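In what follows, a single structure is set out as structure tokens and then discussed.
The values are calculated or read from the model by the stated rules, or taken from the named source; none is laboratory data. Values in this document were obtained by computation on a predicted structure and should not be read as measured data. Glycine gets a Cβ as well: all are built from the backbone with ideal geometry, and neighbour counts include every protein chain shown. Heavy atoms of the whole protein, side chains included, go into the accessibility calculation; ligands, DNA and RNA do not. Shrake-Rupley method; radii C 1.70, N 1.55, O 1.52, S 1.80 Å.
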Amino acid sequence: MSLDWLAAAGRPLTGEIVVPGDKSISHRAIMLAAIAEGSSRITGFLEGEDTRATAAIFQRLGVRIDQPSESERVVHGVGLHGLQASAEPLDCGNAGTGMRLLTGLLAGQDFDSVLVGDASLSKRPMRRVIEPLAAMGARIEAAEGGVPPLRIHSNKVLQAIDYKLPVASAQVKSAVLLAGLYAQGETVVREPHPTRDYTERMLAAFGWPIVFEPGLVRLSGGHGLKATDIQVPADFSSAAFFIVAACLIPGSDLVLKGVGMNPRRTGLIEVLRLMGADISQENTRLQSGESVTDLRVRSAKLLGIVVPESHVPDMIDEFPALFVAAALSEGTTRISGAAELRVKESDRIAVMAHALRALGANIQETPDGAIITGGRLRGGDADSGGDHRIAMSLAVAGQCASGQVKITDCDNVATSFPGFVELARSAGFGLRAA
Ligand code: S3P
């Protein structure tokens, strides 16, 4: 039986909260620490199912990983060529990031691997990583339609590639770069629009020579990684639900502490500000090379806008939350250039349109976005489609609906945001398990 939630108006959101560690950075920290020389300490590690699945995979590949305390890992790296074959398939759970980055990393090993995932991940497109990796000499088989499971065959000689990404995807970029560590020659990745650069920054922090600027990365194979400690900032994408809720719930004044502010992640703030949001940054500082800040969000009247397409890659995970903001704003919001939403953990355009319509919203789907005219939401049943970010966005919608909202299929929230219900309640949400 799946977990359902009941959401209804709570109180204005106030006080200070800390959301869990960044998912993208936690995955990468485990991966690079595992193939580095020496022991790396990761603090602020996300204790979500996705990132724990990645850690468990490296344990299967022969890496010792200690957990001295909650959200802390000490990874005893085995070096670039020290991983060992796993007799069992490697289970990435719900994590597209885990599977796509691992495909790149495992393509250059001298043993075979099989990557599997849950029902959602088993429907997600993997050709986008298989094609460039095959051009580097990797041998990878997918199921029909280019979906998992993936069989990755051993390969000792990958060749570098100069690759122009057809879609703006940090996951594809990172898969090519991780294979590039094992390749002969210089690997170059060119992006149609810059995407999150955590892999590049972290490779540099682990001592790998790499040159990168927005939209272009170069690295050569054959160097080594040296262990380093990593402090993971709070995940902007987890903060997003609270940012939108505090904008929408009258009387709110909420502070989110230590949020990662990589500019390739924070497009939602720019867009909410264009809509009239009152969001300020306090105590901005550097933490393990990433800018972090305390975000203060006060409620404000939001107006519909045309979302600039240039912001889309910088807020790709925040659209479910933005759909809710748009449905409760004054006027019409137009979203385009966001076709990637259709191949996330669910088809986020279709699932959000269906769920918000069930609550009375005026929302029209387009192939690459939506047209949403703001108004009131009523209570009702809204299906999350098993998508963690949609479940949490609908919990925000429930705070502003005139009646109780039942949100179905919420188990996967644990993939990225363990403790969401408790933290949301402490901030003022009306939310509980059904
Ligand atoms: C991620 C990149 C994005 C994002 C995902 C995490 C990453 O995917 O949606 O949640 O950690 O690199 P794409 O790169 O496929 O857009």
Of the residues Ala95, Ala175, Ala170, Ala135, only one is modelled with pLDDT of 95 or more, within 11 Å of the ligand (Cβ to nearest atom) and touching a Phe, Trp or Tyr at 6+ places or on another chain (Cβ under 8 Å); which?
Ala170
Before we move on, is Ala424 out of contact with any Cys (no Cβ under 8 Å at 6 or more places or on another chain), within 15 Å of Ala245 (Cα to Cα) and either among the charged types (D, E, K, R) or not in a loop (DSSP other than H, G, I, E, B) (or both)?
yes
Yes or no: Ser299 of a type in the set (Gly, Ala, Ser), in contact (Cβ under 8 Å) with a residue 60 or more places away in the chain and within 16 Å of the ligand (Cβ to nearest atom)?
no
Within region 138-156, how many residues are open to solvent by 70 Å² or more (accessible area, probe 1.4 Å) and either modelled with pLDDT of 95 or more or under 18 Å from Leu90 (Cα atoms) (or both)?
4
Can you tell me how many residues within region 43-60 are farther than 19 Å from Gly419 by Cβ and open to solvent by less than 20 Å² (accessible area, probe 1.4 Å)?
3
Got at least one residue in region 376-384 being part of a helix (DSSP H, G or I) and touching a residue at least 12 places away in the same chain (Cβ under 8 Å)?
no
Can you pull out every residue in region 109-132 that is more than 16 Å from the ligand (Cβ to nearest atom), in a loop (DSSP other than H, G, I, E, B) and under 21 Å from the mean Cα position of the chain (by Cα)?
Ala119
Those residues of region 210-227 which are part of a strand (DSSP E or B) and touching a Leu at 6+ places or on another chain (Cβ under 7 Å) amount to Ile210, Val217, Leu219
Could you please let me know if Gly77 is in contact (Cβ under 8 Å) with a residue 60 or more places away in the chain and either in contact with a Lys or Arg (Cβ under 9 Å, 6 or more places away or on another chain) or within 28 Å of Gly185 (Cα to Cα) (or both)?
yes
Identify all residues within region 304-355 that are of a type in the set (Val, Ile, Thr) and either on the phi > 0 side of the Ramachandran plot or away from the ligand (no atom under 16 Å from the Cβ) (or both); write none if there are none.
Ile305, Val306, Val307, Val324, Thr332, Thr333
Which members of region 212-231 meet the condition of being among the aliphatic types (A, V, I, L, M) and open to solvent by 30 Å² or more (accessible area, probe 1.4 Å)?
Leu216, Ala227
Sort out which residues of region 157-211 are open to solvent by less than 10 Å² (accessible area, probe 1.4 Å), free of Cβ contacts under 8 Å to residues at least 40 places away in the same chain and closer than 19 Å to Thr97 by Cβ, and write them in order of number.
Leu165, Val189, Glu200
Limited to region 341-354, what total is found for residues that are buried (at least 17 other Cβ atoms within 10 Å of the Cβ) and either in a loop (DSSP other than H, G, I, E, B) or touching a residue at least 40 places away in the same chain (Cβ under 8 Å) (or both)?
6
From the list Ser26, Ser40, which residue is at pLDDT 95 or above, among the polar types (S, T, N, Q), within 18 Å of Arg201 (Cα to Cα) and more than 20 Å from the chain's Cα centre (by Cα)?
Ser40
Regarding region 204-227, can at least one residue be identified that is within 16 Å of the ligand (Cβ to nearest atom) and under 18 Å from the mean Cα position of the chain (by Cα)?
no
Quick one: Ser86 ticks every box in (1) open to solvent by 20 Å² or more (accessible area, probe 1.4 Å); (2) among the polar types (S, T, N, Q); (3) over 25 Å from Thr415 (Cα atoms) except a single one, so which number is it?
(3)
